[in-house]
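Written below as structure tokens is the structure these notes are about.
Quick note: the coordinates plus some simple rules give every number you see, no bench work behind them. Every value quoted in this text rests on a predicted model; they were computed, and no experiment measured them. Reconstructed Cβ throughout: ideal geometry from the backbone, glycine too, with neighbour counts over all protein chains shown.
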Amino acid sequence: MKLVFMGTPDFALPGLKALIQAKHDVICIVTQPDRPKGRRGRVIAPPVKLYVQKHNIKILQPETITDALVKNIQALSPDLIAVVAYGKILPKQILDIPRLGCINAHASLLPKYRGAAPIQRALLNGEKQTGVTIMFINERMDTGDISFQEKIMISPSDNMETLHDKLSKLSAKLLIKTIVQIEQGTCSRIPQNHAEATYAPMLRKSDGLIDWTRSAEEINNMTRAMNPWPGVYMFINISGKNKRLRIFKTEVFNKSAYSKEKTGVLLDILKNKGGLVGTGKGQLLLREVQLEGSRKVSFEEFTRGHPVKKGFRFVR
């Protein structure tokens, strides 16, 4: 079976590696263009391209899906297109090319969390479980028939990075399982229940701004979901200037304690634990922070160098 693989970030790598290691005939890789990254704007190739350069496989990097890309893929006559986090919705012209269709590995239990940020949204909402769905792609976003689905539990210690890694490995396993059954002609197709659909839109940078009237659990879920991007932050007044303080690690200390006048106030600094802050419901420990222009440090170390003491009120 001749396969075209479409994917871009680290999440797609386990699936691509599994296909190559299983000796599937991956004839072409379609990935996003090289882009500038970091403060210096150095142009970096996407992870999928960096990996596949070690293999003698054709690479296509269109900025947009054009007629030229359609013709390129048509000329390859693939039997199947496998998609993992490519980053663009495929038009009908692409979907109609492979004789066995196009499949996609999506990091949620569809129809829950359709869209671009299923892992982050599951963490933000405090979900206890998630998983991976392999579906046949149609012209609408994440609405195709399901071939395989497997769930995993979300640990209270999971964050975006750890859950991302677990789900990317699971997606590789299910991708191989699906392709084997497609080859054998035994792959099932189960329609989704669209009435149960929920959505996971991309996060914006402004979504990371802490609102201390929210609960400790909600803010803790923000730090689990939004690091490294878009980042969780607040502004604090240092020497008469409002500076951005980024929050990397937090912990729910008390789920129910509440005092309106203490919301957003540094209640205490607990040795070897962090700064205890009052919220709209419960108390939250700030464990690891970074002031703009400085390095990442523990909250205790941060307070040793700045006038942030017990009773300090954080501002949005």
Inset, instruction - Would you please state the base-10 log of I(q)/I(0) at q = 0.11, 0.12, 0.19, 0.24 1/Å for the range 205-305, with intensities from the Debye formula using one equal scatterer on every alpha carbon? - result: -0.29, -0.34, -0.90, -1.42
Inset, instruction - Grab the other residues whose beta carbon is less than 14 angstrom from that of Met160, score K and R as +1, D and E as -1, and report the net. - result: -2
Inset, instruction - Any chance you could give the angle, 0 to 90 degrees and rounded to 10, that helix 216-226 forms with the longest Cα principal axis of the chain? - result: 40
Legend entry - Gaussian network model of the chain, Cα within-10 Å springs - most flexible of Leu60, Leu109, Leu284: Leu60
Legend entry - Considering only the chain, percent of DSSP beta bridges that pair antiparallel, nearest 5: 70
Legend entry - Partner lysines for Lys310 [C-alpha distance under 30 Å; skip if fewer than 8 residues away on the same chain]: Lys205, Lys241, Lys243, Lys249, Lys255, Lys260, Lys262, Lys271, Lys273, Lys281, Lys296
Legend entry - Fewest-first ranking of His306, His24, using other Cβ atoms within 10 Å as the exposure measure: His306, His24
Inset, instruction - Take the chain, connect every pair of alpha-carbon atoms lying under 10 Å apart with a spring to form a Gaussian network, then pick out the residue of Gln290, Gln53, Gln61 with the largest mean-square fluctuation. - result: Gln53
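Subtract the Cα-Cα distance of Ala75 and Lys177 from 0.36 nm times their separation in residues, and report this length gain in nm to one decimal.
My answer for the length gained is 34.0 nm.
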Legend entry - Residue among Gly278, Asn221, Phe299 farthest towards the positive dipole end of the range 205-305, charges placed on Cβ: Phe299
Inset, instruction - Compute log10 of I(q)/I(0) for the range 66-112 with the Debye formula, placing one identical point scatterer on every Cα and leaving out solvent, at q = 0.17, 0.33 Å⁻¹, to two decimals. - result: -0.53, -1.33
Inset, instruction - Report the residues of the range 213-236 in range of a label on Lys296: point 7 Å along Cα→C-beta, backbone N strictly under 20 Å from it. - result: 219-236
Legend entry - Estimated [θ] at 222 nm from DSSP helical runs (n ≥ 4, -39500 (n - 2.57)) normalised by residues in the chain, nearest 500: -7500 deg cm²/dmol
Inset, instruction - Could you work out which residue, out of Phe136, Phe302, Phe248, moves most in a Gaussian network model of the chain, that is, has the largest mean-square fluctuation with Cα springs under 10 Å? - result: Phe302
Legend entry - Two-site label geometry, Met153 and Asn237: point separation in nm, points 7 Å out along Cα→Cβ: 4.7
Inset, instruction - Search the structure for amide H atoms under 5 Å from the amide H of Tyr199, placed 1.01 Å from N in the peptide plane, and list their residues when 5 or more places away or on another chain. - result: Tyr113, Arg114
Legend entry - Kirkwood-type radius of the range 2-196, with distances r between different C-alpha atoms, in Å: 17.1
Inset, instruction - Apply the Karplus parameterisation 6.51 cos²θ - 1.76 cosθ + 1.60, with θ equal to phi minus 60°, to every residue of the range 71-78 and state each ³J(HN,Hα) to the nearest whole Hz, in sequence, with x for glycine and proline. - result: 5, 4, 6, 4, 5, 7, 6, x
Legend entry - Environment charge of Leu3, counting only residues whose C-beta is closer than 9 Å and scoring Lys/Arg +1, Asp/Glu -1: -1
Inset, instruction - Would you kindly derive the ³J(HN,Hα) couplings of the range 269-281 from the backbone phi angles with the Karplus curve 6.51 cos²θ - 1.76 cosθ + 1.60 (θ = phi - 60°), listing them in order in whole Hz, with x for Gly and Pro? - result: 10, 8, 4, 6, 10, x, x, 8, 10, x, 10, x, 7
Legend entry - Per residue, the convex hull volume that the Cα atoms of the range 175-219 enclose (Å³): 164
